[in-house]
Amino acid sequence: MTDALLKPGFSQPVADAQQAFRVLLKVMSEPGVIRQLQQAQGIEHLAPAGMTALLALCDQTTPIWLAPVFNSAAIRTNLNFHAGAPLVSDAQQADFVLSVAGELPPLEQLKAGEPEYPDRSCTLIVQLEQLEDTPAGAELVELELSGPGIPGRRRLCVSHLGADLLSYLTERPHPFPLGLDLILVCGERVTAIPRTTDVEVI
């Protein structure tokens, strides 16, 4: 049964992982820039960019919490086989949270790092229905980003993020350098809003 659930991971494990990691570094260092991320195929509801991000970032030392929409036998089996990352039922223990906007755990309960070790924080990977760099419909939320890695300001248009996540991004309750980093995926595309980025809703 387990073998029947397995799907291919990276076709060229070293080269694909390195390429995917470079893309993720690019979007983290240049918030709001959208890039292709498709070294791994999607599984069920999980888009290729989401699966690729997890395989590039996660290993045996990085616990993952899955939102109900992604908590299926097929996705669990493939993450365990290809990444070896432990899956946790308590989001407070997670280094990575994979979710959609409507199924995020309480953000205030997630690891935000420690003053001496700000890197010991949780990264949110949130899958969206739409992700654009220009307005493409009245249903999209337009965000204006500023901060390190952004010359001036950069616009990002996304499907609804949910009130809690949007509030977190605009209010940034954790004092820097603490906080949560956000990776947004949609189909084969990815962008990021790290904790260093100021966010305004237009």
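The values are calculated or read from the model by the stated rules, or taken from the named source; none is laboratory data. All of these numbers come straight from a predicted model, not from anything done at the bench. Every residue, glycine among them, receives a Cβ derived from its backbone with ideal geometry; neighbour counts consider all protein chains shown. Accessible surface is based on the protein model in full, side chains and every heavy atom, while ligands, DNA and RNA are left aside. Shrake-Rupley method; radii C 1.70, N 1.55, O 1.52, S 1.80 Å.
Here are the numbers:
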read-out: Cross-chain or 6+ apart pairs with Cβ under 7 Å, segment 95-117 first and assigned to a loop (DSSP other than H, G, I, E, B), then charged (D, E, K, R); value: LEU104/ASP164; LYS111/ARG120; GLY113/ASP119; GLY113/ARG120; GLU114/ARG120
read-out: Residues of segment 114-142 that turn out to be within 17 Å of the chain's Cα centre (by Cα) and either surrounded by 15 or more Cβ atoms within 10 Å (Cβ to Cβ) or not acidic (Asp, Glu) (or both), as a count; value: 12
read-out: VAL185 being under 16 Å from the mean Cα position of the chain (by Cα), outside any loop (DSSP other than H, G, I, E, B) and under 26 Å from THR62 (Cβ atoms); value: yes
read-out: Residue in segment 149-159 that is open to solvent by less than 60 Å² (accessible area, probe 1.4 Å), touching a strand residue (DSSP E or B) at 6+ places or on another chain (Cβ under 6 Å), in contact (Cβ under 8 Å) with a residue 40 or more places away in the chain and among the small types (Gly, Ala, Ser) present; value: no
read-out: Search result, residues across segment 49-108 that are surrounded by fewer than 16 Cβ atoms within 10 Å (Cβ to Cβ), within 16 Å of the chain's Cα centre (by Cα) and among the small types (Gly, Ala, Ser); value: GLY102
read-out: Number of the exception - GLN19 against (1) part of a loop (DSSP other than H, G, I, E, B); (2) within 28 Å of GLU132 (Cβ to Cβ); (3) open to solvent by 60 Å² or more (accessible area, probe 1.4 Å); value: (1)
read-out: Cβ-Cβ under 9 Å pairs, at least 6 apart or on other chains, segment 161-173 side free of Cβ contacts under 8 Å to residues at least 12 places away in the same chain, far side assigned to a helix (DSSP H, G or I); value: SER167/LEU107
read-out: Test: residue in segment 66-75 that is in contact with a Gly (Cβ under 6 Å, 6 or more places away or on another chain) and of a type outside the set (Lys, Arg); value: no
